[in-house]
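Enquirer: My structure is below; once you've seen it, I'll send some questions.
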Amino acid sequence: MPHLSSSSYPGPPFLQFNGHLQTIIPSFRKVDIPYKRERLELPDGDFLDLDWIKNGSPRLVLLSHGLEGNSRRSYIKGMARRFAEEGWDVLAWNCRSCSGEMNRNPRLYHHGDIEDIHQVILHALRVGNYRTITLIGFSMGGSILLKYLGVHGSKLLPEVKRGIAFSSPCNLKASARSLEKRENRFYRRRFLRSLEAKLRAKEQQFPGLIDVDKFEKIKMWRDFDEFFSAPLNGFASAEEFYHQASAENFMADIRVPVLLVNAWNDPILPAACTPVKLCARLPNIYLETPRRGGHVGFAVPGRGDNWMEERAWEFVSLER
């Protein structure tokens, strides 16, 4: 579909005057919702923790979080609340190691890992009588669902009707380069601090698996992917990892309607992460690029909800 010429996002509150504030401040929003947790045992002996809100609906929204996020993040809980209030069932899943308990196997998760989301969908269809499943992902979670929908293409499970991705790095190599910028050191340090703790825990689980001392040699984000992301996930190099994990390399085969929303002032995603030319020739991709909004921000002045929730519901409602 053509690049949408305008966005319904009204703009951020007055004091959120740049992309960094539009990213950071919305993350402190408080949202209280009642999850019921379930542990899904995986075929490889590992597990995923799933958080449910069940209303007995034939419609399910499946929510995927961002890098080092989880189902308790405000953007996940806000979207969960909105769809639950509309009567849908909600399933917010946690990637391996992200639920508060370290996973069992050596590997963690990554932007291009689509097997786990497939297992979650299969499980949801086993336990619920769902006729409609909508996938919504944020940042890394959006990248995962975009790749998943592209890889499965015409063989996608028929219950999966659409996808929505917010602030998603469709080009992972470009996103990694952006994290290396001086102005993004806050995000880079936050991610690396959390990931280092997990990798040190992995080294305790599996002595000799990785050399955690290489953390001292990290000069840029690509080093992290070269030293850890690639070898832990079976890739020969960071370059191979970027190619195989980047959603833009698979989006041409998407066969269901997808909304992709990336703000132009996103401090983490450079322009290369928003594939305007690619989306223009893909019949099922609706690309929306608000001028402002930050990274998974999109706060609305004077309201307790978030524009992402409004936009997602609008997109789903058009397809009903």
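Enquirer: With 10 angstrom as the radius, rank Val31, Val90 by how many other C-beta atoms surround their C-beta, starting from the fewest.
Expert: Ascending Cβ contact count within 10 Å gives the list Val31, Val90.
Enquirer: Also, quick follow-up: With θ set to phi - 60° and the Karplus curve 6.51 cos²θ - 1.76 cosθ + 1.60, what are the ³J(HN,Hα) couplings of segment 131-148 in order, to the nearest whole Hz, using x for Gly and Pro?
Expert: With coefficients 6.51, -1.76 and 1.60, one gets 9, 9, 10, 10, 9, 10, x, 10, 6, 4, x, x, 4, 4, 5, 5, 5, 4 Hz.
Enquirer: Quick check: net charge around Ser194, other residues with Cβ under 12 Å of its Cβ, Lys/Arg +1 and Asp/Glu -1?
Expert: +4
Enquirer: OK, next. Could you list Lys161, Lys30 in order of exposure, starting from the residue whose Cβ has the fewest other Cβ atoms within 10 Å?
Expert: Lys30, Lys161
Enquirer: Now a separate question. Given labels modelled 7 Å from the Cα in the Cβ direction, how far is it in nm from Leu125 to Leu318?
Expert: It is 2.6 nm.
Enquirer: I need the phi-derived Karplus couplings for segment 69-84: 6.51 cos²θ - 1.76 cosθ + 1.60, θ = phi - 60°, integer Hz, Gly and Pro marked x.
Expert: x, 6, 6, 8, 5, 4, 5, 6, 5, x, 5, 4, 4, 4, 6, 5
Enquirer: Give me the Kirkwood hydrodynamic radius of the chain in Å, from all C-alpha pairs, to one decimal place?
Expert: Hydrodynamic radius (Kirkwood, Cα only) of the chain equals 19.8 Å.
Enquirer: Tell me which residues come under 5 Å, amide H to amide H, from Leu260 once H is placed; ignore anything under 5 positions away on its chain.
Expert: Under 5 Å from the amide H of Leu260 lie the amide H atoms of Ala165, Tyr286, Leu287, Glu288, each far enough along the sequence or on another chain.
Enquirer: What whole number of Å gives the distance from the Cα centroid of segment 12-51 to the Cα centroid of segment 246-320?
Expert: Here the two parts' Cα centres lie 18 Å apart.
Enquirer: A further question on this structure: Taking the Cα centroid of segment 132-172 and of segment 218-239, what is the distance between the two, rounded to the nearest whole Å?
Expert: Spelled out, the Cα-based centre of one part sits 24 Å from the other.
Enquirer: Related question: Residue separation times 0.36 nm, minus the C-alpha to C-alpha distance between Lys181 and Gln204: what's the value?
Expert: Stretched out fully, the Lys181 to Gln204 stretch lengthens by 5.1 nm.
Enquirer: Over the Cα atoms of segment 178-290, how large are the radius of gyration and the largest Cα-Cα distance (Dmax), in Å?
Expert: Radius of gyration, then largest Cα-Cα span, for segment 178-290: 17.1, 49 Å.
Enquirer: Restricting to DSSP H runs of at least four residues, report the calculated mean residue ellipticity at 222 nm for the chain, -39500 (n - 2.57) per run over all residues, nearest 500 deg cm²/dmol.
Expert: About -9500 deg cm²/dmol.
Enquirer: Let me ask you something else. Please check the chain for the longest run free of chymotrypsin sites (Phe, Trp or Tyr not before Pro) that are loop-located per DSSP (anything but H, G, I, E, B) and have at most 14 other Cβ atoms within 10 Å.
Expert: Result for the longest clean stretch: 18-263.
Enquirer: Tally Lys/Arg at +1 and Asp/Glu at -1 over every other residue whose Cβ is under 14 Å from the Cβ of Arg29; what's the total?
Expert: That works out to +4.
Enquirer: Taking N as the number of residues in segment 260-302, what value does Rg over Cα atoms divided by 2.2 N^0.38 Å take?
Expert: 1.24
Enquirer: Taking the beta-carbon count within 10 Å as an exposure proxy, list Ile136, Ile218 from fewest neighbours to most.
Expert: By the 10 Å Cβ count, ascending: Ile218, Ile136.
Since every read-out is calculated from the coordinates, none of them should be taken as a lab result. Owing to the predicted nature of the structure, the values given are computational and were not obtained by experimental measurement. Note: ideal-geometry Cβ built from the backbone for every residue, glycine included; neighbour counts use all protein chains shown.
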